[in-house]
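Enquirer: Here it is: the structure, laid out below.
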Amino acid sequence: MATVTTNAPPKPFSFSVSNPLKSQIPNSQSLSFPPRKIHQRRLSVNASVSAPPSIETKNAPSPDYRVEILSESLPFIQKFRGKTIVVKYGGAAMTSPELKSSVVSDLVLLACVGLRPILVHGGGPDINRYLKQLNIPAEFRDGLRVTDATTMEIVSMVLVGKVNKNLVSLINAAGATAVGLSGHDGRLLTARPVPNSAQLGFVGEVARVDPNVLRPLVDYGYIPVIASVAADEAGQAYNINADTVAGELAAALGAEKLILLTDVAGILENKEDPSSLVKEIDIKGVKKMIEEGKVAGGMIPKVKCCIRSLAQGVKTASIIDGRRQHSLLHEIMSDEGAGTMITG
């Protein structure tokens, strides 16, 4: 196992509900919450004769509003403080600068109030862009990227060298301390080829997880950022689905919660009706939805990933809408949530 040494715990980072990435990412927005009645108290009796406030002043939450929001968050902070949560990051939240800013600031805030977040990522759009620049065709079968030796080399370079380090830099700039890893590091993940590897090439699945390299990092307050590539016993690199990696890591760490960011609202009772969102369901219920065809296509592997992690001890698994600003905070710090929560 790789030895982790540190001279001192990372410096504490300040707690602020404003978006710390505002200077890093253009057009980012400050951390905001749904409007409430308390907003009505912001206008003074002299508003009719005073100079019109600037747009920034109009939109700024009042001190009373900020205090009330923090007060209402206390039960959720107490519930999750000291607990490990594994977040799989991908989809629209990865390509939109505003949503990327939202995810990063949510992670930093959660770490500030005592949660132990771990971020797992893929990077399909970036891989596709680099393959196109090199005139290498991107081919998919059953939703998985066909990965020959050349493509595997590009996947490793993009995920580990570009996407991973960019996320680490953003989290560090936001005030937390992140550490970038892949499945190779400390033998965190050992891969094996998928059953139909003859058609898919170097596409793998997780054979074994050794989370020992992660434990001292989260104990000292670092946020691990993990790229979804790993090697087999012989050292051959494999491209692994990021949902699968997140689920297996959550199970190995005994995480309180697994969260998958997606490009849909969650699990729908009726696939054609976005308003038919299932807010909470147990394993038995979601298996029945799969049998009835209500869960289909790309949602099936995500749901199966959640079921597998729950069966191995994870408390809850959520599939949430990554297109929604601050969906992580909505999921963890509110009763409403931001998608579908599956319970064991």
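The values are calculated or read from the model by the stated rules, or taken from the named source; none is laboratory data. Not measured: the values here are computed from a predicted model. Glycine gets a Cβ as well: all are built from the backbone with ideal geometry, and neighbour counts include every protein chain shown. Just the protein is used for accessible areas: all its heavy atoms, side chains included, with ligands, DNA and RNA removed. Shrake-Rupley method; radii C 1.70, N 1.55, O 1.52, S 1.80 Å.
Enquirer: Provide the FRET efficiency to the nearest 0.05 for the Tyr220-Gln199 pair, computing r from the beta carbons and using R0 = 41 Å. Write out the running numbers ahead of the final one.
Expert: On the way: r = 43 Å, r/R0 = 1.06.
Efficiency, from the Cβ-Cβ distance: 0.40.
Enquirer: How much solvent-accessible surface does His184 expose, in Å² to the nearest 10, with a 1.4 Å probe and all protein chains in place?
Expert: Taking all protein chains as shown, His184 has close to 80 Å².
Enquirer: While we're here: In straight Cα distance, which aspartates and glutamates are under 15 Å from Lys287, not counting same-chain residues fewer than 8 positions off?
Expert: Partners within reach: Glu269.
Enquirer: Could you run the Debye sum over the Cα atoms of segment 239-329, one equal point scatterer each and no solvent, and tell me log10 of I(q)/I(0) at q = 0.12, 0.21, 0.26 Å⁻¹, two decimals?
Expert: Ignoring solvent entirely, the Cα scatterers give -0.35, -1.08, -1.47.
Enquirer: Rounded to whole Å, give me the distance from the Cα center of segment 170-196 to that of segment 223-294.
Expert: Computed from Cα coordinates, the inter-centre distance equals 17 Å.
Enquirer: Full-extension gain between Ser334 and Glu72, please, as 0.36 nm times their residue separation minus the C-alpha to C-alpha distance. Write out the running numbers ahead of the final one.
Expert: Values: separation 262, 0.36 × 262 = 94.32 nm, distance 0.89 nm.
Extending this stretch completely gives an extra 93.4 nm.
Enquirer: At 0.36 nm per residue, and after removing the present C-alpha to C-alpha distance, how many nm does the segment from Ala234 to Lys165 gain when stretched out fully? Numbers along the way, then the final one.
Expert: On the way: separation 69, 0.36 × 69 = 24.84 nm, distance 2.62 nm.
Roughly 22.2 nm would be gained on extension.
Enquirer: Quick one: how many Å² of Arg323 are accessible to a 1.4 Å probe, rounded to 10?
Expert: Approximately 120 Å² for this residue.
Enquirer: What does the charge count around Arg323 come to, taking other residues whose C-beta lies under 11 Å from its C-beta (Lys +1, Arg +1, Asp -1, Glu -1)?
Expert: Its environment carries a net charge of -2.
Enquirer: Around Thr190, with a cut-off of 11 angstrom between Cβ atoms, what is the net charge of the other residues, counting Lys and Arg +1 and Asp and Glu -1? Numbers along the way, then the final one.
Expert: On the way: positive: Arg187, Arg192, Arg208; negative: Glu205, Asp210, Asp232, Glu233, Glu248.
For residues surrounding Thr190, the net value is -2.
Enquirer: Further question: Between Val146 and Lys271, what's the calculated FRET efficiency when r is the beta-carbon distance and R0 is 30 Å? Round to 0.05.
Expert: My answer for the efficiency is 0.65.
Enquirer: Separate question: Over 20 Å between C-alpha atoms is what I'm after, so list which of Lys100/Lys279; Lys83/Lys165; Lys88/Lys162; Lys88/Lys304; Lys279/Lys315; Lys79/Lys315 land there. Show your work: numbers first, answer last.
Expert: On the way: Lys100/Lys279 24 Å; Lys83/Lys165 25 Å; Lys88/Lys162 17 Å; Lys88/Lys304 15 Å; Lys279/Lys315 16 Å; Lys79/Lys315 13 Å.
Pairs exceeding the cut-off: Lys100/Lys279; Lys83/Lys165.
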